[in-house]
Structure formats: structure tokens, C-alpha cells
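*Asks:* Quick one: the structure is below, and I'll ask about it shortly.
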């Protein structure tokens, strides 16, 4: 099978000048999925934007085509990736919610007669009035192109039911496929960073809610220091906020590779305090639990489903609730951690299993095989699995 995956930004920050600030969950998921599809023997092309020169490379069986972008607007790349689609590809897999990428790729694939998979990772929510207006316009106009997709992947049905951008998509086209983790990279056995600390992993952008976490920590006594692994446009402001609040926070910049796993393994807890539905899943939660470290996360649709695998949920944006939950977590630590937690996550979310589910949807679209049944997510009232 010849598959083209479209990633808004270059998932490899070493190949761009400032691209590390744009490497988030979508880029990491598409990069790993590309590699796993290649390992399954498929011909894979990863099409992405870059702030460096355009170039093609082939590594790990994946051809990566980098197209220079003119810049970004509302954190979306200004680039014409649709014109670089290969008309000989069997299928195009594109993420939703990128206004200058998603609609044009879906329209171009439709004109070329190429089957498409739309991968819905987050709902657009922007803080400024202009951003809110832009997100609203996108929902009204661009999301109509979602109907061109042959199937739509969602991380969880709970999240899909909560967002307006999928109103134009027939329910029977939705397929639930969670994000995955690489057990060879994220596991409980291995070196751990020294020290007693809490961990935040993610891009330094408003919806990630790091400011909320800093405020919550400011009201706690005898709390471990915070280590922040991530880059983004809010770094200087967040560093200043930590100083103003007298919070012991170390900003590490973008972290990947072996050190990221070591950071997860060494942490007491990993915290994801996201404040709105731009956070639809929280890949860092899976990575942390796969390394044996439990989590505290915002109770957003989709995110809470992941967090309940091994941790606690709090009200999004609620500083007192987050502070109280952190106090409780640090005092009691009554959730599984270490190999027991890691094994559960590997069993459910390893990339091999996730890739098989993606391939089953590809085959369904290409009429090679019929649809495969998908598990329903646990209900909101269901007890977390670690309590049983």
C-alpha cells in the first residue's frame, strides 16, 4: 500500500531553524505512525511544512517531503501542501483543524480521486477575540470539507460527541483509534533523572495551562520543584510568572529521545493542566504512565479517559482544585506506578496495536476488508481501572 500522511509541521526539529516550538502531539503521532506503517511493509510518504529549505529525505523506510512555509497564522502553517500530493498514492491521511492545510488537501485528494482519512486531534479554541472569530469562521466554512473524507479517526468517542466541528460528519464514518506509544522508548525499566520533582511536558502555548499549574504550586508548601520539558512562544512569559510566584521551576526547552523517558521515570507525578478542548488526548499522559509514573490531568473530554488509566483528573482551569489534588497526590500516592502501570499502558496503547487499528480503517476504505468493531470508551461514571 502506498500511503501519504500530511503533517502540518516538520516532526524533526533538528531539520528546521525554529520548528521545535511547533512539534506537538500531532507531529509526533504522524511521525511514529509513518515509521510503523513502513515497518509493516507499506510505502510511506510524509508531507510536511518546514521553516528551512525544501528537501526530500528517506529514513526508516519513510520518504519525508518538506515544503517551505511562508510563516504561521493562529499557530497554523501558511503552506500549500495540497499541490504536492502524489496522484499515484493509494490513500491520503490528513489531520483536521489546520485551516490552510486540511480543507485544501481534502479538496485536492477528491479531485484526484484519492481516498482520504481525516484524523481529528483537537477542536480549535483561541483565546483572543480575533482568534475566537477565526475559529468560529473555520467551523462554519472549512469543516464542511470534512464531508469529503471517507473515514474520520477520533481519539475517543467521548471527545467526538463533545465538539461542534464534527457536526457535518456522519456518525457511521467515525472510527475510534487512540494515540500510541513506543514501548521501546517509554518503559519503566531504565535510567531515571535524579531528584524529586514534578514534570510538565508540552508546548508552551496558552491552552496547555502551565500558568494554571504555576499558580497551583504557589499555594503549596513542601512541594517538589517543577521541571518543564517543552518549547514555545510563551516561554519567557511563563518563566517570568514562575519567578513572580516564587515557584521553583526549571525550564529545560524541547526534550526528546532517551532523556524524555528518563525524565518521566524520575518524576513523582506528570501534570497536564490544559484548559480547553484544543487538548483532546494528551500523549504525554500515555508516555508518562508507560514509564511507570502516574498523572494528574484536566478532566477534559478524551483527556480524562486517558488519565483514569493511572492517575487523577481535575476541573480544567480550576487552580484550587488542582492545588488540592496535587496536595493529596503528594501525600498519599495511592495509585499504581512502576512496571504494573507501564504494562497496562503497553497492552492497550503500544504502537503495533494502534497501527493495526489504523490499517484496518485503511483496508475498509480501500474495500480490502470490512470494518472492525471498536471498543466503547468507559463512561464518565465508570471507576478508574486501577481502583479495581
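*Asks:* Test residue 296 against the stated conditions and say whether it is free of Cβ contacts under 8 Å to residues at least 40 places away in the same chain and under 20 Å from residue 188 (Cα atoms). Steps first, answer last, please.
*Replies:* On the way: free of Cβ contacts under 8 Å to residues at least 40 places away in the same chain: yes; under 20 Å from residue 188 (Cα atoms): yes.
For residue 296, the condition - free of Cβ contacts under 8 Å to residues at least 40 places away in the same chain and under 20 Å from residue 188 (Cα atoms) - is met.
*Asks:* Separate question: So which residues in segment 96-112 are farther than 13 Å from residue 80 by Cα and touching a strand residue (DSSP E or B) at 6+ places or on another chain (Cβ under 9 Å)?
*Replies:* Just the residues of segment 96-112 that are farther than 13 Å from residue 80 by Cα, to begin with: 96-97, 109-112.
Answer for segment 96-112, where residues must be farther than 13 Å from residue 80 by Cα and touching a strand residue (DSSP E or B) at 6+ places or on another chain (Cβ under 9 Å): 96, 97, 109, 110, 112.
*Asks:* Let me ask something additional. Among (1) out of contact with any helix residue (DSSP H, G or I) (no Cβ under 8 Å at 6 or more places or on another chain); (2) more than 21 Å from residue 267 (Cα to Cα); (3) in a loop (DSSP other than H, G, I, E, B), where does residue 233 come up short?
*Replies:* Every listed condition holds for residue 233 apart from (1).
*Asks:* Just need a number here: residues in segment 98-115 that are closer than 19 Å to residue 67 by Cβ and touching a helix residue (DSSP H, G or I) at 6+ places or on another chain (Cβ under 9 Å).
*Replies:* Residues that pass the stated criteria total 12.
*Asks:* What number of residues in segment 224-234 are surrounded by fewer than 18 Cβ atoms within 10 Å (Cβ to Cβ) and under 18 Å from residue 25 (Cα atoms)?
*Replies:* Going through segment 224-234 one residue at a time, the tally reaches 1.
*Asks:* Might you check whether a residue that is at pLDDT below 95, assigned by TED's automatic domain parsing to the domain that holds residue 254 and crowded, with 19+ Cβ neighbours inside 10 Å occurs anywhere in segment 192-203?
*Replies:* Taking every residue of segment 192-203 in turn, at least one turns out to be at pLDDT below 95, assigned by TED's automatic domain parsing to the domain that holds residue 254 and crowded, with 19+ Cβ neighbours inside 10 Å.
*Asks:* Now a separate question. Just to be sure before I move on: is residue 288 modelled with pLDDT of 95 or more and within 21 Å of residue 184 (Cβ to Cβ) in the structure I sent? Steps first, please.
*Replies:* Details: modelled with pLDDT of 95 or more: yes; within 21 Å of residue 184 (Cβ to Cβ): yes.
Here the answer is yes, as residue 288 does meet what is asked.
*Asks:* Still on this structure, I have one more. Does residue 215 meet the test of being outside the structural domain of residue 166 (by TED's automatic domain parsing), more than 27 Å from residue 341 (Cα to Cα) and crowded, with 16+ Cβ neighbours inside 10 Å? Before the answer, list the steps.
*Replies:* Numbers: outside the structural domain of residue 166 (by TED's automatic domain parsing): yes; more than 27 Å from residue 341 (Cα to Cα): yes; crowded, with 16+ Cβ neighbours inside 10 Å: yes.
Taking the combined requirement at face value, the residue satisfies it.
*Asks:* When segment 310-320 is examined, which residues are found to be out of contact with any helix residue (DSSP H, G or I) (no Cβ under 6 Å at 6 or more places or on another chain) and buried (at least 17 other Cβ atoms within 10 Å of the Cβ)?
*Replies:* Those that are out of contact with any helix residue (DSSP H, G or I) (no Cβ under 6 Å at 6 or more places or on another chain) and buried (at least 17 other Cβ atoms within 10 Å of the Cβ): 311, 316, 318.
*Asks:* Let me ask you something else. Quick check: is even one residue across segment 159-167 over 26 Å from residue 34 (Cβ atoms), without any contact (Cβ under 8 Å) to a residue 40 or more places away in the chain and not assigned by TED's automatic domain parsing to the domain that holds residue 331?
*Replies:* Yes, segment 159-167 has at least one match.
*Asks:* Then there's this: Six or more apart or on different chains, Cβ under 6 Å: which pairs go from a residue in segment 321-342 that's on the phi > 0 side of the Ramachandran plot to one that's buried (at least 17 other Cβ atoms within 10 Å of the Cβ)? Could you list them?
*Replies:* 338/188; 338/292
*Asks:* Still on this structure, I have one more. In contact with a strand residue (DSSP E or B) (Cβ under 8 Å, 6 or more places away or on another chain), in a helix (DSSP H, G or I) and surrounded by 23 or more Cβ atoms within 10 Å (Cβ to Cβ): does that describe residue 260?
*Replies:* It is false that residue 260 is in contact with a strand residue (DSSP E or B) (Cβ under 8 Å, 6 or more places away or on another chain), in a helix (DSSP H, G or I) and surrounded by 23 or more Cβ atoms within 10 Å (Cβ to Cβ).
*Asks:* State whether one or more residues within segment 239-252 are in the same structural domain as residue 336 (by TED's automatic domain parsing), surrounded by fewer than 22 Cβ atoms within 10 Å (Cβ to Cβ), within 24 Å of the chain's Cα centre (by Cα) and assigned to a helix (DSSP H, G or I).
*Replies:* Yes, there is a match, as at least one residue in segment 239-252 is in the same structural domain as residue 336 (by TED's automatic domain parsing), surrounded by fewer than 22 Cβ atoms within 10 Å (Cβ to Cβ), within 24 Å of the chain's Cα centre (by Cα) and assigned to a helix (DSSP H, G or I).
*Asks:* Moving to a separate point now. Do we find a residue being assigned by TED's automatic domain parsing to the domain that holds residue 262, at pLDDT 95 or above, within 24 Å of the chain's Cα centre (by Cα) and surrounded by 16 or more Cβ atoms within 10 Å (Cβ to Cβ) anywhere in segment 326-339?
*Replies:* yes
*Asks:* Can you name the residue in segment 291-303 that is at pLDDT below 95 and buried (at least 24 other Cβ atoms within 10 Å of the Cβ) and, of all such residues, is farthest from the chain's Cα centre (by Cα)?
*Replies:* The extreme case among them is 300.
*Asks:* Would you confirm whether or not segment 176-188 contains a residue that is in the same structural domain as residue 36 (by TED's automatic domain parsing), within 19 Å of the chain's Cα centre (by Cα), free of Cβ contacts under 8 Å to residues at least 60 places away in the same chain and over 19 Å from residue 341 (Cα atoms)?
*Replies:* Within segment 176-188 (the criterion being in the same structural domain as residue 36 (by TED's automatic domain parsing), within 19 Å of the chain's Cα centre (by Cα), free of Cβ contacts under 8 Å to residues at least 60 places away in the same chain and over 19 Å from residue 341 (Cα atoms)), the answer is no, since none of the residues qualifies.
The values are calculated or read from the model by the stated rules, or taken from the named source; none is laboratory data. None of the values given here were measured: they were computed from a predicted structure. No Cβ is skipped: glycine too gets one built from the backbone with ideal geometry, and neighbour counts run over all protein chains shown.
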